[in-house]
Amino acid sequence: MTSEAFTTCLWFDGKAEEAAAHYLSVFKDSERGAVTRYGEAGPGPAGTAMTVDFTLNGQRFVALNGGPYFTFNEAVSFQIHCADQDEVDYYWSRLAEDGGEPGQCGWLKDRFGVSWQVVPTELPALIGDPDPHKAARTTEAMLTMTKFDIAALRRAHDGQ
């Protein structure tokens with residue numbers, strides 16, 4: 001039995017190529033793979049993309065133009081671990097652009113409906129601090145945020 005890494009399949013309604021191109025432009029460590037196209041047998045229009053393979057930060061994806069039958073929801077999201085505020089700001093703005101919807105606590109939906117969590121790498125340590133007062137202050141601050149403000153989280157943690 002062989003074991004391979006997982007490939008995440010994202011179901012789109014006619015926007016697989018557009019979505020893949022957008023994600024490839026957002027993530028610096030990315031690569032486009034094969035594109036398969038519908039033939040005369042369908043079910044999509046002949047010549048349109050059926051699937052688009054791509055890799056973002058080492059994670060393999062396939063975008064599938066499967067039609068209007070299924071849509072995305074927040075039950076599945078992708079976490080982007082950010083080293084600093086510049087990364088948080090970059091990913092937040094790029095994924096929210098052109099119709100994305102900000103959510104609570106670092107969550108957002110991009111214009112295709114895919115949910116993302118743009119999270120500072122230090123957040124788990126701040127909210128998981130063994131000092132319950134520091135952890136509580138940080139958690140309270142976090143719950144008021146849409147896009148994370150690392151400096152504000154640190155100030156809350158430190159009681160400032």
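The values are calculated or read from the model by the stated rules, or taken from the named source; none is laboratory data. Keep in mind it's a predicted model, so treat the numbers as computed, not measured. FYI the Cβ positions are ideal-geometry reconstructions off the backbone, even for glycines, and counts take in every protein chain you see. SASA here: full protein model, heavy atoms, side chains in, ligands and nucleic acids out. Shrake-Rupley method; radii C 1.70, N 1.55, O 1.52, S 1.80 Å.
See the values below:
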read-out	value
Sole exception among (1) part of a helix (DSSP H, G or I); (2) open to solvent by 30 Å² or more (accessible area, probe 1.4 Å); (3) touching a residue at least 12 places away in the same chain (Cβ under 8 Å); (4) not hydroxyl-bearing (Ser, Thr, Tyr) for PHE70, by number	(1)
Some residue of the range 75-84 being open to solvent by less than 50 Å² (accessible area, probe 1.4 Å) and among the small types (Gly, Ala, Ser)	yes
Any chance ASP129 is more than 30 Å from VAL52 (Cα to Cα) and open to solvent by less than 40 Å² (accessible area, probe 1.4 Å)	yes
Selection count, the range 45-59, where residues are in contact with a Gly (Cβ under 8 Å, 6 or more places away or on another chain) and open to solvent by 50 Å² or more (accessible area, probe 1.4 Å)	4
Cβ-Cβ under 6 Å pairs, at least 6 apart or on other chains, the range 74-99 side under 11 Å from VAL118 (Cβ atoms), far side assigned to a loop (DSSP other than H, G, I, E, B)	HIS81/THR121; VAL88/PHE148; TRP92/LYS147; LEU95/ASP110
Subset of the range 138-157 [part of a loop (DSSP other than H, G, I, E, B) and either open to solvent by less than 40 Å² (accessible area, probe 1.4 Å) or under 30 Å from GLY66 (Cβ atoms) (or both)]	MET145, PHE148
Answer from GLN117, GLN104, GLN160 - the residue that is part of a loop (DSSP other than H, G, I, E, B), polar (S, T, N, Q) and under 30 Å from PHE70 (Cβ atoms)	GLN104
Residue, modelled with the lowest pLDDT, within the range 26-44, restricted to residues that are surrounded by fewer than 11 Cβ atoms within 10 Å (Cβ to Cβ) and in a loop (DSSP other than H, G, I, E, B)	GLY42
Criterion violated by ALA135 - all others in (1) open to solvent by less than 30 Å² (accessible area, probe 1.4 Å); (2) of a type in the set (Gly, Ala, Ser); (3) under 30 Å from ALA19 (Cα atoms) satisfied	(3)
Selected residue [on the phi < 0 side of the Ramachandran plot and either open to solvent by 70 Å² or more (accessible area, probe 1.4 Å) or modelled with pLDDT under 95 (or both)] from PRO120, PRO124	PRO124
